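Working notes, structure below.
The values are calculated or read from the model by the stated rules, or taken from the named source; none is laboratory data. A quick note: this is a predicted structure, and the numbers were derived from the prediction, not measured. Backbone-built Cβ (ideal geometry, glycine too); neighbour counts: all protein chains shown.
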């Protein structure tokens, strides 16, 4: 994205943090989500840890800002992570 600094991590505002808190964790203390941007782009397998976007699979940078985000959808817990009871 031209003209946008590439951040190492994005700390999300309270409104996004509250939305994420209403969705299940993928694992202890983290969520894997898809980030949908206002320009139509989608980033899958985004790691969100305690309200911070920390990484994107297959992308060493985070090529957007919080203002670019339209929607965050937490991915369902992968079957291989489910505990057998």
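Key figures
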read-out: Cβ-Cβ under 9 Å pairs, at least 6 apart or on other chains, segment 14-35 side exposed (fewer than 14 other Cβ atoms within 10 Å of the Cβ), far side assigned to a helix (DSSP H, G or I); value: 27/81
read-out: For residue 67: the one exception among (1) surrounded by 10 or more Cβ atoms within 10 Å (Cβ to Cβ); (2) at pLDDT 90 or above; value: (1)
read-out: Those residues of segment 17-51 which are under 9 Å from the mean Cα position of the chain (by Cα) and assigned to a strand (DSSP E or B), in sequence order; value: 31, 32, 33, 34, 35, 43, 44, 45, 46, 47, 48, 49
